[in-house]
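Each value in this text was obtained by applying a stated rule to the coordinates, not by laboratory testing. The shown structure was predicted, so the numbers you read here are calculated from the model rather than taken from an experiment. As a convention, Cβ positions derive from the backbone with ideal geometry for all residues, glycine included, and neighbour counts pool all protein chains shown.
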Amino acid sequence: MPKFIVTYVKAVDYVSTKVGRLAMYLIFVMIGVLLLDAVTRNIINIPLSWCIEMAQFTITAYYIVGGPYSMQLDSHVRMDLLYSRFSPRNQARLDCFTALFLVTYLVCLLIGAISSTMYAIEYDQRKFSMWNPSMIPIKVIMVCGIVLMLLQSISIFFKDLAKARGIKLS
C-alpha cells in the first residue's frame with residue numbers, strides 16, 4: 001500500500017483510540033449526574049431540572065464519539081448469517097463492498113448533521129424544556145463524531161482492501 005494510505009490509517013486509528021478512550025469516561029459522568037439527581041430528588045427533596053437532560057446529552061456524546069473506536073476494535077454489532085463461514089480474505093472483500101454503502105450513509109448523515117448544526121447556531125436553537133439548554137454543543141459533538149466515524153470507516157476500508165489483496169498494511 002502507498003505510504004500516504006499507511007500514514008492515514010495510523011493517524012486515524014490513533015485519533016479514534018484517543019477519543020474513544022476519553023469517551024469511555026463519559027459513562028462515569030452520566031452515572032454521576034444520575035446519582036446527583038437521585039440524591040437531590042429523593043433524599044434532599046430538591047429535584048434538579050437539568051439532570052435527566054444532561055444525562056441524555058452525555059450518553060449521546062458517549063456513543064457518537066465512541067463509535068469509531070468500537071468500529072476500530074471490531075467490537076460493534078454485526079449481523080452474521082454467513083459472514084463467519086467465509087475465509088478472512090473473503091470477509092475482507094465483503095467488507096470492502098459494504099464499506100461503500102456505509103461511507104455513502106455517513107456522508108448523507110454528515111450533510112444533515114452540518115445543516116442541523118448551522119440551523120442551531122443561526123437560530124440559537126434550544127431544547128424546549130424547563131432547563132432550556134442550547135442544542136449547539138451536542139450538535140457540534142454529533143458532527144465531530146460523524147466525521148471521525150467517516151474517517152475510521154475509510155481507514156477500515158483500506159485495511160480490508162489490503163487484507164483482500166493479501167498485503168500487509170504497515
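Please list, by residue number, every one of the chymotrypsin sites (Phe, Trp or Tyr not before Pro) in region 9-76 that is coil in DSSP and has at most 13 other beta-carbon atoms within 10 Å.
Here the sparse-neighbourhood loop sites are Tyr25.
Taking the Cα atoms only, what angle lies between the long axis of helix 136-165 and the longest principal axis of the chain, rounded to 10 degrees?
Compared with the principal axis, the helix lies near 20 degrees.
Taking the Cα centre of the chain as origin and charging only Cβ (+1 Lys, Arg; -1 Asp, Glu), how large is the dipole, in debye to the nearest 20?
Values: 16 positive and 9 negative charges, 150 e Å.
Rounded to the nearest 20 debye, it is 720 debye.
Along Cα→Cβ, 7 Å out, is where each label goes; now give me the distance between the ones at Lys10 and Asn45 in nm to one decimal.
6.3
Could you calculate the contour length gain from Ile31 to Cys144, that is, 0.36 nm times the residue separation minus the distance between their Cα atoms, to one decimal place in nm?
Here the segment from Ile31 to Cys144 would lengthen by 38.3 nm.
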